[in-house]
Amino acid sequence: MAEQISGKSEWIEISQEQINQFADATGDHQYIHVSPERAAKTKFGGPVAHGFLSLSLIPHLMMEALVDQIGQSTVLNYGVNRLRFILPVRPRNSIRLNWSVACTEQKKNGLLLTIDAIIEIKGEKKPALIAEWLVYIID
């Protein structure tokens with residue numbers, strides 16, 4: 001993998017419905033996420049998406065571009081070395097992933113990629129999150 005492997009996804013809009021579905025899937029129904037009326041009374045001025053919802057979208061936002069660059073492979077989420085939630089994502093915000101492979105490590109049964117991942121929010125100077133995400137590509 002001598003060439004730089006990287007990409008930028010298309011923008012996707014986050015809806016209140018997605019936030020509610022994520023709350024149902026995870027059991028995290030904190031009002032800041034699912035109650036627009038109550039969340040409006042907080043310093044956020046309205047509901048915000050779960051940080052882990054944004055994180056969970058990384059595979060979806062990068063997989064097609066990654067496979068285009070490395071070829072059809074079995075790709076597994078391996079973990080996260082670093083993760084910071086910088087700015088909250090709100091319903092109707094559009095986000096995209098800006099990513100690049102920082103390093104590769106040959107393993108017994110495949111290749112471990114360390115990926116610098118940034119979830120950007122359209123119109124914002126600061127990102128929603130930054131992460132050092134690990135992906136394992138099995139031979």
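Where a number appears in this text, it was derived from the coordinates with a stated rule and is not lab data. Quantities reported herein were computed from a predicted structural model and do not represent experimental measurements. In this analysis, Cβ positions are derived from the backbone assuming ideal geometry, glycine residues included, and neighbour counts consider all displayed protein chains.
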- line: The ³J(HN,Hα) series, computed from each phi in segment 49-54 with the Karplus coefficients 6.51, -1.76 and 1.60 at θ = phi - 60°, rounded to the nearest Hz and given as x for glycine or proline, is 6, 4, x, 6, 5, 4
message: I'd like the Karplus ³J(HN,Hα) series for segment 101-109: coefficients 6.51, -1.76, 1.60, θ = phi - 60°, whole numbers in Hz, and an x wherever there's a Gly or Pro.
response: 7, 7, 7, 10, 9, 6, 10, 3, 10
- prompt: Using modelled amide H (1.01 Å from N, peptide plane; none on Pro or chain starts), what sits under 5 Å from the amide H of Val80, excluding residues fewer than 5 places away?
  reply: Leu134
query: Along segment 119-129, what does the Karplus equation 6.51 cos²θ - 1.76 cosθ + 1.60 (θ = phi - 60°) give for ³J(HN,Hα), rounded to whole Hz, x for Gly and Pro?
result: 8, 9, 10, 4, x, 10, 7, 8, x, 6, 7
query: Counting every Cα pair in the chain, what percent are over 25 Å apart?
result: 32 percent
field: Degrees, to the nearest 10: 58-70 long Cα axis against longest axis of the chain
entry: 20 degrees
Values of log10 I(q)/I(0), in the order q = 0.11 Å⁻¹, for segment 36-111 under a Debye, Cα-only, solvent-free model: -0.43
message: If I model a spin label at Ile32 and Gln4 as a point 7 Å from the Cα along the Cα→Cβ vector, what separation in nanometres do I get?
response: 3.5 nm
message: Counting other C-beta atoms within 10 Å, and keeping those with at most 15, which DSSP coil GluC sites (Glu not before Pro) do you find in segment 43-126?
response: Glu124
- request: Pick out, from Tyr136, Ala49, Ile70, the residue whose Cα sits farthest towards the positive end of the charge dipole of the chain, with +1 on the Cβ of Lys and Arg and -1 on the Cβ of Asp and Glu.
  value: Ala49
